[in-house]
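Step one of this worksheet: look at the structure below.
The values are calculated or read from the model by the stated rules, or taken from the named source; none is laboratory data. Only a predicted model underlies this, so the values are computations on that prediction, with no experimental measurement involved. FYI the Cβ positions are ideal-geometry reconstructions off the backbone, even for glycines, and counts take in every protein chain you see. Please note that ligands, DNA and RNA were not included when accessible areas were found on the heavy atoms of the full protein model with its side chains. Shrake-Rupley method; radii C 1.70, N 1.55, O 1.52, S 1.80 Å.
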Amino acid sequence: VQLQASGGGLVQAGGSLRLSCRASRSISYFMRMGWYRQTPGKQREFVADIIRDGSTGYTDSVKGRFTISRDGAKNTVALQMDSLKPEDTAIYYCYADRNFSIRSWGQGTLVTVSS
């Protein structure tokens, strides 16, 4: 399975970005897909996920600002990020879980939020 992440970039605080993660096969194959992020010197942090039944989850710091969604026709999961803050600056990684023991990662996409 290959995951291709895109959509990162530089944005001013308060702005928006939309990240996309395209899978090499139907996303219905996966139990769960989502995003983590990582800044230098820190562990990778969970951001958001969406499971097969459509339920979503978010870390507290992004609730109300980020929205995760999926498009089965395009085999993609998107992360709409609004009201961005400098502390959202990180490399964002998408992932896909086949089950509880098999996880695939995409390459990171850099998000930089300037103050």
Separation between Cα centres of the stretch 16-48 and the stretch 101-115, rounded to whole Å: 6
Rounded to 5, the percent of DSSP beta bridges in the chain classed as antiparallel: 90
Cα-based reach from LYS63 at 23 Å (exclusive), listing lysines while leaving out same-chain residues under 8 positions away: LYS42, LYS85
So, for the stretch 26-84, what is the accessible surface per residue at a probe of 1.4 Å, expressed in square angstrom? 52
From the phi angles alone, apply the Karplus equation (6.51, -1.76, 1.60; θ = phi - 60°) to the stretch 68-83 and give each ³J(HN,Hα) in whole Hz, x where the residue is Gly or Pro. 9, 8, 9, 10, x, 5, 9, 6, 10, 10, 10, 10, 7, 10, 10, 6
State, in angstrom, two size descriptors of the stretch 22-108 derived from its alpha carbons: Rg to one decimal place and Dmax to the nearest whole number. 12.7, 37
Highest first, please rank the peptides 9-19, 74-84 by the mean number of other Cβ atoms sitting within 10 Å of their residues. 74-84, 9-19
